[in-house]
Amino acid sequence: MPGEVLHFSEDPAITRFVPHVAATAQQPEPYVWAVDHDQAPSYWFPRQCPRALAWVVPSTTETDQDRIIGAGCGTRVHAIEYGWLPAMRSTSLYAYRLPAERFRPFGTHAWVSTSPVVPLAPPSPVGDLIDVHSEAGIQLRLLPSLWPFWDEVTTSTLGFSGIRLRNATPR
């Protein structure tokens, strides 16, 4: 909804988000993290699941789109490793709606708040994580290893993001 950002969690009982420094943070400031509607699909995964994401941007070449996403296969692909499929099938994920006016942009994909934030309402279950990808028209690819895909995506003209890659099978 306009004026809202989202936070995804496996915990359905959060009543207040308090800024903290994540264990993997590259900055020392404590934040509450959120995403907007366009970035929400990047978080339709179990929290610790490593994923490589790619999508068409205005400068994407047709060759790269066909080569990496696939001809006629949409404009976005998310890749995970086979070992994470059971967690994708069994994880319950919840979307928290937060007031956007409490946040400021951080980089190109995130929003942060430096003060505590109370959700606008109880969280909504995201639903089956595989089905939600399908309903959004996002290709979900299962791979033995993310690294060959990641190497192709990062040298292409596609937009991309890698989340929790430290949890991927080692190269």
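Here, each number is a calculation from the coordinates, and none is a lab measurement. Bear in mind that the values here come from a model prediction, so they are computed numbers and not experimental data. Cβ: placed from backbone, ideal geometry, glycine included. Neighbour counts: every protein chain shown.
Within the stretch 88-163, the percentage of alpha carbon pairs spaced more than 22 angstrom apart rounds to 49%.
With a Förster radius of 25 Å applied to the C-beta separation of Cys73 and Met1, the computed FRET efficiency comes to 0.25. With neighbours defined as other Cβ atoms within 10 Å of a residue's Cβ, the residues Val132, Val18, Val32 order from fewest to most as Val18, Val132, Val32. Taken as Cα centroids, the stretch 1-63 and the stretch 72-150 sit 7 Å apart, rounded to the nearest whole angstrom. Placing one equal scatterer on every Cα of the chain and applying the Debye formula, the log10 ratio I(q)/I(0) at q = 0.10, 0.12, 0.18 Å⁻¹ is -0.40, -0.58, -1.25. Dipole orientation for the stretch 1-151: of the candidates Leu93, Val21, Thr61, Val21 has the Cα lying most toward the positive pole (charges on Cβ; Lys, Arg +1; Asp, Glu -1). Taking Cβ atoms as reference points and 15 Å as the exclusive limit, the residues near Leu98 contribute a net charge of 0, counting Lys and Arg as +1 and Asp and Glu as -1. The relative contact order of the chain comes to 35 percent, based on Cα pairs under 8 Å that sit 6 or more residues apart. Counted by Cβ distance under 9 Å from His78, the other residues give a net charge of +3, where Lys and Arg count +1 and Asp and Glu count -1. Under 12 Å from the 7 Å Cα→Cβ point of Ser59, by amide nitrogen: which residues of the stretch 152-171? 156-160, by backbone N distance to the label point.
Placing dummy labels 7 Å off each Cα toward the beta-carbon, the span from Ala136 to Arg16 is 3.1 nm.
Residue separation of Ser9 and His109 scaled by 0.36 nm, minus their Cα-Cα distance, works out to 34.3 nm of gained length.
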